[in-house]
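Heads up: the structure comes next, in structure tokens.
The values are calculated or read from the model by the stated rules, or taken from the named source; none is laboratory data. All values reported here derive from a predicted model rather than from experimental measurement. Every residue, glycine as well, gets a Cβ built from its backbone with ideal geometry; the counts of neighbours run over all protein chains shown. Accessible surface is based on the protein model in full, side chains and every heavy atom, while ligands, DNA and RNA are left aside. Shrake-Rupley method; radii C 1.70, N 1.55, O 1.52, S 1.80 Å.
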Amino acid sequence: MLVVELIAQKQRGEQLTAKQIDFLVRGFTRGDVPDYQMSALLMAMYFQGVSDDEGRQFLRAMIQSGKRFDLSSVSGIKVDKHSTGGVGDKTSLIIAPVVAVAGIPVPMVSGRGLGHTGGTLDKLESIPGFRVHLDDDEFVRILERTGCVFGAQTSELVPADRKLYALRDVTATVSIPPLIAASILSKKIAEGTNALVMDVKVGSGGFLRDQQEAERLAETLVRWAAVEHVETIAFGTDMERPLGTACGNAPEVVECLHILRTGTGDARLLELCRTLGGGMLLLGGKARDLKEGGQLFDQILQSGEGYEKLKEIATAQGSEPRTLDLYEHAVVARHHHEFRSTRSGYLTRVLPQEIGWALVDLGAGRYKSEDTVDHTAGVVFQKQQGDSVAAGDLIVTACWSDARNEKSALERLENAMIISEQPASSEPLIKFYCDAN
Ligand code: URA
């Protein structure tokens, strides 16, 4: 088989066969298919689309590219949660420990920031001592001991996805829904979870702006996961504005710790945690329906036990026992810039993609995969979309220690906030729900 012929085939809009996809995925993982040919193929897929059959074959070939974790020694229904990625999306850090308190094992293989979106691993690595690079045995041992573990994809867990994901990131080809589904599910199936709650983001802060496309992705995830015996439910949630009051690694961890300690925080963020966490409690057999799951989630969150659980997890993954208690003092940014309103009106829009790229400029994300991250970099909102503002009011504070492009970041932030005379209508947070029935 010649790779160049397969690229031309896809360019003409013709389907790739199972054999051809196997050949491509195996060759790319081994290094026989170079990045430039895979990039050309991805671009052809981006414009010509990827069929359901092709996507499923990618999923199969990607799972086969590595090994699977064996979680059979961990009793109970293992439940994970995954988001397609957004700005200020920090729910995993809140939900996972709370659900673990209920006695559901939560194995989380998380990702790093991708493009303008943040990633759980970068947030966790802002916690002094916290190790996310665990080998299989350690991953399983920590899960057995604490009921929850956060790990990075190892070199053996879906290596095809590791390489492909990195290439899609730098070739603007992330937004191919069947490849998103194959990428997410390959990792979830290989990590050994029994059930999965998906948060499919809809809007300019995520990778899919169109609700119909997001609904199709959710339906695909649920259907493909069922074939692999991973019971999955999916929520479509709004990503037309950043989630919560902070964006950036350390600022988001500070926000999560506050919520876990006090049970209080941004209403939309809490609603999303309750919804997704309630779904995990339902799939894990601790609630009869989503409503009861949400109520149980709230009850545990209010008890403060989620905070204690996160401390236990952090300690098991390398941090000192008091690290989280002292966290806010350990991650202080060297520079701050305040944005104030120049007029009275309403903060009608906070553009999430602009905020996301400003964070990358500030150093909270990466231009290239080998870039290091400034964990202190981020923004903290004093006003939220929809709030009324008076001239001179503080809207948002940017912070950083080692910015990559301070000028661009500050310009983007300035442009990301739109103040108008009329209040804008608010988008519902939960846009749709999808399960296997
Ligand atoms: N998250 C993933 O794990 N993969 C994608 O392709 C997009 C988001």
Taking a probe of 1.4 Å and leaving out DNA, RNA and ligands, the chain shows per residue an accessible area in Å² of 40 Å²
Within the range 357-437, DSSP-loop GluC sites (Glu not before Pro) with at most 13 other C-beta atoms within 10 Å are GLU370, GLU421
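Can you tell me the order of 36-46, 235-245, 278-288, 303-313 when each peptide is scored by its average per-residue count of other Cβ atoms within 10 angstrom, highest first?
Numbers: 36-46: 18.7, 235-245: 25.5, 278-288: 22.4, 303-313: 20.6.
Ranking, from highest mean packing down: 235-245, 278-288, 303-313, 36-46.
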Expressed as a percent, the accessible surface of the range 3-49 that is carbon or sulfur, using a 1.4 Å probe and the full set of protein chains, is 52 percent
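Report the gain in length on full extension from ALA390 to PHE432: 0.36 nm times residue separation, minus Cα-Cα distance, nm rounded to one decimal. Write out the running numbers ahead of the final one.
Working: separation 42, 0.36 × 42 = 15.12 nm, distance 3.52 nm.
The span from ALA390 to PHE432 would gain 11.6 nm if fully extended.
Compute the Kirkwood hydrodynamic radius of the range 293-360, taking the inverse of the mean of 1/r over all pairs of distinct Cα atoms, and give it in Å to one decimal.
On the way: mean 1/r = 0.0608 Å⁻¹.
Mean inverse Cα-Cα distance, inverted, gives 16.4 Å.
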For 261-271, 102-112, ranked highest to lowest by mean beta-carbon neighbours within 10 Å, the order is 102-112, 261-271
Expressed as a whole-number percentage, the relative contact order of the range 330-437 with C-alpha contacts under 8 angstrom and at least six residues apart is 41 percent
One would report the antiparallel percent of DSSP beta bridges in the chain, rounded to the nearest 5, as 55 percent
Computed over the range 3-49, the distribution of all Cα-Cα distances in 5 Å bins, rounded to whole %, is 5, 25, 34, 26, 9, 1
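Report in % the part of the accessible area of the range 221-263 that belongs to carbon and sulfur, leaving out ligands and nucleic acids; probe 1.4 Å. Let's see the in-between values first.
Details: 620 of 1080 Å².
Within the range 221-263, the accessible surface is 58 percent carbon and sulfur.
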Taking the alpha-carbon centre of each part, the distance from the range 13-88 to the range 137-201 in Å is 11 Å
Across all Cα atoms of the chain, Rg and the largest Cα-Cα distance (Dmax), in Å, are 21.2, 66
One would report the Cα pair-distance distribution of the range 334-420, bin width 5 Å, in %, as 3, 16, 27, 22, 15, 10, 5, 2, 0
Between THR264 and GLU228, the two model label points (7 Å from Cα along the beta-carbon direction) sit apart by a distance in nm of 4.2 nm
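Looking at the square roots a ≥ b ≥ c of the eigenvalues of the Cα gyration tensor of the range 79-326, which shape do they give, rounded for a/c under 1.5, prolate if a/b is larger than b/c, or oblate? Mind showing how you got there, number by number?
Working: a/c = 1.30, a/b = 1.21, b/c = 1.07.
Rounded is the answer for the range 79-326, as its axis ratio a/c remains below 1.5.
With the cut-off at 28 Å, tell me which of the pairs LYS187/LYS368; LYS81/LYS431; LYS123/LYS291 have Cα atoms farther apart than that. It would help to have the intermediate numbers written out before the result.
On the way: LYS187/LYS368 22 Å; LYS81/LYS431 18 Å; LYS123/LYS291 30 Å.
Long pairs (Cα-Cα over 28 Å): LYS123/LYS291.
Around VAL79, with a cut-off of 12 angstrom between Cβ atoms, what is the net charge of the other residues, counting Lys and Arg +1 and Asp and Glu -1? Provide the component values of the computation, followed by the final result.
Values: positive: LYS78, LYS81, LYS188, LYS286; negative: ASP80, GLU191, GLU231.
Surrounding charge for VAL79 is +1.
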For the pair GLU320 and HIS336, the simple spin-label estimate (label points 7 Å beyond Cα toward Cβ) gives in nm 2.5 nm
ASP210 and GLN382 label points (each 7 Å along its Cα→Cβ direction) are spaced in nm at 4.1 nm
